[in-house]
Every structure is written in C-alpha cells, then in structure tokens.
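The block underneath contains the structure these notes are about, expressed in structure tokens.
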Ligand SMILES: CC(C)(COP(=O)(O)OP(=O)(O)OC[C@H]1O[C@@H](n2cnc3c(N)ncnc32)[C@H](O)[C@@H]1OP(=O)(O)O)[C@@H](O)C(=O)NCCC(=O)NCCS
C-alpha cells in the first residue's frame with residue numbers, strides 16, 4: 001500500500017490543535033510551541049500557515065517586502081519523503097506572491113537535517129546569533145532569495 005502525499009492547504013486557527021500536536025512530535029520539549037504560541041504567530045501581521053494533512057506544516061510571515069519562516073515541522077513518521085522541501089517551497093512562493101523578495105530564517109547550527117534542507121533550497125548564511133537557543137547553541141541566520 002502506498003500513501004499519497006498529503007496536499008498542502010492554507011492553515012487557519014481551526015488547525016491549531018493539529019499543528020500543536022505536530023510541533024510536539026517534531027521538536028524536543030524545550031522548543032515546543034503550544035496552541036497559544038502558534039495562534040499568536042498565525043495572528044502576526046502578514047502571518048500565514050500551510051498544512052499538509054497531519055504530516056507537517058510551516059508558519060511564515062511576509063511584511064514590507066521581506067518574509068521569515070517562523071517554524072517548519074514534519075512528523076518523524078513522514079520524514080525524508082520530500083515534504084519539508086515542499087512546505088518550504090510553498091512558503092517561499094506564497095511569500096513572493098505577497099511581495100516578499102527575500103525570505104529569512106533561523107536554524108540551530110546543530111540542526112543537521114534542517115541545514116541540509118535549507119542548503120538544498122539555495123539558502124545562504126547571512127548572520128549568526130550567539131547562544132540564541134535555550135541549550136546555548138548559536139542560531140545561523142539564513143536567506144533564501146535572489147542575490148542582493
Ligand atoms: C527539517 C525537517 C523539516 C525536514 O523535513 P523532511 O520532510 O524530512 O525533509 P525532506 O524529505 O523534504 O528533505 C529534503 C532534503 O533535505 C535534506 N535532509 C532532510 N533531512 C535530512 C537528514 N536527516 N539528514 C541529511 N539530510 C537531510 C536532504 O538533502 C533531503 O533530500 P533527500 O531526502 O533527497 O536526500 C524535519 O526533519 C523536521 O521536522 N525536523 C524537526 C523540526 C525542525 O528542525 N524544523 C526546522 C527548524 S529551523
């Protein structure tokens with residue numbers, strides 16, 4: 001039996017419980033966002049979400065010509081099937097549709113899978129935030145978009 005990849009659709013506040021469950025499955029306890037935090041992100045100016053069934057989602061925002069990925073999560077049971085790349089690509093496309101030429105994101109320097117995913121999407125390192133995460137790890141600031 002093969003499972004068809006779930007289609008992506010815009011996420012709304014009715015999807016917060018699914019997204020909270022996905023976030024809890026995808027991130028270690030100290031980095032989890034519950035429903036309140038996810039709702040606040042979705043309500044940010046320019047905020048939007050894309051959801052792939054119960055397999056993964058991305059939250060992003062696009063404001064004043066720039067966009068950022070707020071969070072990206074794929075369920076451990078459906079990783080390495082291209083969903084993370086699809087979610088990222090869809091977020092980049094939606095940000096462009098909203099007028100953002102470049103998209104920024106932060107990733108832990110120790111997050112090998114996410115760094116590999118972003119590198120494949122053409123992300124370049126534009127900065128570093130020292131001891132950004134609770135465990136003392138640095139965050140790399142990455143940019144996806146045309147040069148300059
Ligand atoms: C990072 C994450 C979203 C990737 O999701 P995914 O659906 O497994 O990613 P994809 O299948 O689309 O992978 C695309 C490419 O990224 C790279 N990649 C993804 N996971 C990888 C891993 N564990 N090791 C090495 N490369 C990896 C590969 O190049 C991969 O292509 P390939 O499978 O053809 O080799 C997922 O691992 C996740 O949810 N992690 C926990 C949450 C997180 O870290 N989010 C990002 C925070 S900034």
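Quick note: the coordinates plus some simple rules give every number you see, no bench work behind them. Given the structure is predicted, the values throughout are model-derived calculations rather than measurements. Note that each Cβ is placed from the backbone with ideal geometry, even for glycine, and that neighbours are counted across all protein chains shown.
Computed on segment 8-144, with alpha-carbon pairs under 8 angstrom and 6+ residues apart, the relative contact order is 18 percent. Note on the chain: Kirkwood hydrodynamic radius from all Cα pairs is 15.6 Å, rounded to one decimal.
Going by how many other Cβ atoms sit within 10 Å of their own, how do 39, 78 line up, fewest first?
Least crowded to most crowded, the residues run 39, 78.
Separation of segment 127-148 from segment 90-122 is 12 Å, based on Cα centroids. Extension gain, residue 147 to residue 13: 0.36 nm times the residue separation minus the Cα-Cα distance gives 44.8 nm.
In segment 1-52, Cα pairs under 8 Å separated by at least six residues give a relative contact order of 51 percent.
Only beta bridges with both residues in segment 8-144 are counted; by DSSP, about 90 percent of them are antiparallel. In plain terms, the chain from residue 137 to residue 54 could stretch by 26.9 nm, reckoned as 0.36 nm per residue minus the Cα-Cα distance. Computed from label points 7 Å out along Cα-Cβ, the spacing between residue 81 and residue 121 is 1.9 nm.
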